[in-house]
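Chemist: Just dropping this structure here.
A short reminder: the numbers here are calculations on the coordinates, not readings from a lab. Since the structure is predicted, the reported quantities are computational estimates derived from the model, not experimental observations. As a convention, Cβ positions derive from the backbone with ideal geometry for all residues, glycine included, and neighbour counts pool all protein chains shown.
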Amino acid sequence: MLPEYCAIIGAILGSLGGFYYLYETILGTAQPNRITWLLWGIFPMVIFAAQRAQGAESVSWASFVAGFTPLLIVAASFFNKKAYWKSEPRDYYLMAAAILGILLWALTDQPNLALLCSLLADVLASIPTLIKSYRHPHSESWIAYAVSAFGFGISFLSVQIYNFENAAFVAYVFILNGALAVLASRGRKQKQATSIIR
């Protein structure tokens, strides 16, 4: 277990991955799925509020950072036509299901149930980008996801009390970013193979 202040260091490192993705979005080398990234911005803010309500203050900053950066990425995607990725009908269905999860959160007074609903909503919001990373890995930034996974891994290791409200979200974000880094890294290998063939 790392010291508690490492949760903030991990959140800062996690945000560097997000800022690298923001940089690639501005350049047009990454094309974010706007539905996923918008929901990735909103849901962690809900989790941040639930964690603060339960007194999980240091780990809650990882949730805040996890939500703030995606909102910047969505905004940046409107400024470069190369950064546009067309959403599919499936994305909108998943968005509706994810919003339903947030509505369920609003109906409960139990913070852990709110956290669970938010996590499930975030999983649903992540599916379009997971599919996109698998089918079109060149449209994603594996470096950004790897840096974020490293940062949120540090945050996870600095959790002082491993219970649901303290560890669930940061563990989920670590696993999600790690999976996206692996999927997106396949695009780099495909690009290298193409350049060798030429």
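Chemist: Please count, across segment 6-197, the pairs of lysine residues with Cα atoms under 17 Å apart that sit 8 or more places apart or on different chains.
Modeler: Final tally of qualifying lysine pairs is 4.
Chemist: Quick check on segment 58-168: take the gyration tensor over C-alpha atoms, sort the square-rooted eigenvalues as a ≥ b ≥ c, and tell me if it's rounded (a/c under 1.5), prolate or oblate. Before the final figure, lay out the partial values.
Modeler: Numbers: a/c = 2.09, a/b = 1.31, b/c = 1.60.
Oblate.
Chemist: Sorted by average packing, counted as other Cβ atoms within 10 angstrom per residue and highest first, what order do 68-75, 14-21 take? Kindly include the intermediate steps, with their values, before the conclusion.
Modeler: On the way: 68-75: 20.0, 14-21: 22.0.
Ranking, from highest mean packing down: 14-21, 68-75.
Chemist: Of the peptides 22-33, 153-164, 115-126, how do they stack up when ordered by the mean number of other Cβ atoms within 10 Å, highest first?
Modeler: Details: 22-33: 20.4, 153-164: 18.1, 115-126: 22.8.
Ranking, from highest mean packing down: 115-126, 22-33, 153-164.
Chemist: Moving to a separate point now. Need one number: the % of Cα-Cα pairs in segment 1-96 sitting beyond the 21 Å mark. Can you show the working numbers first?
Modeler: Details: 1817 of 4560 pairs.
That tail contains 40 percent of the Cα-Cα pairs.
Chemist: Between helix 57-77 and the chain, what is the angle of the helix's C-alpha long axis to the longest principal axis, kept within 0 to 90° and rounded to the nearest 10?
Modeler: With both axes taken from Cα atoms, the answer is about 30 degrees.
Chemist: So between ALA53 and ARG186, what do we pick up on full extension, going 0.36 nm a residue minus the alpha carbon distance?
Modeler: Values: separation 133, 0.36 × 133 = 47.88 nm, distance 4.03 nm.
Result for the pair: 43.8 nm of gain on full extension.
Chemist: Distance between Cα centroids, segment 55-130 to segment 134-179: provide it in whole Å.
Modeler: Their Cα centres are 14 Å away from one another.
Chemist: Relative contact order of the chain: what whole-number percent is it, with Cα pairs under 8 angstrom and at least 6 residues apart? Walk me through the numbers before you get to the answer.
Modeler: Values: 353 pairs, mean separation 64.8, N = 198.
Computed over the chain, the figure is 33 percent.
Chemist: For mean projected area of the Cα convex hull in nm², which listed value, (i) 10.9; (ii) 12.1; (iii) 17.5, comes from the coordinates shown?
Modeler: For mean projected area of the Cα convex hull in nm², the calculated option is (i).
Chemist: Given axes a ≥ b ≥ c from the Cα gyration tensor, I'd like to know whether segment 86-147 is rounded (a/c under 1.5), prolate (a/b larger than b/c) or oblate. Intermediate results must be reported in sequence, preceding the final value.
Modeler: Details: a/c = 4.43, a/b = 1.80, b/c = 2.47.
The shape class here is oblate.
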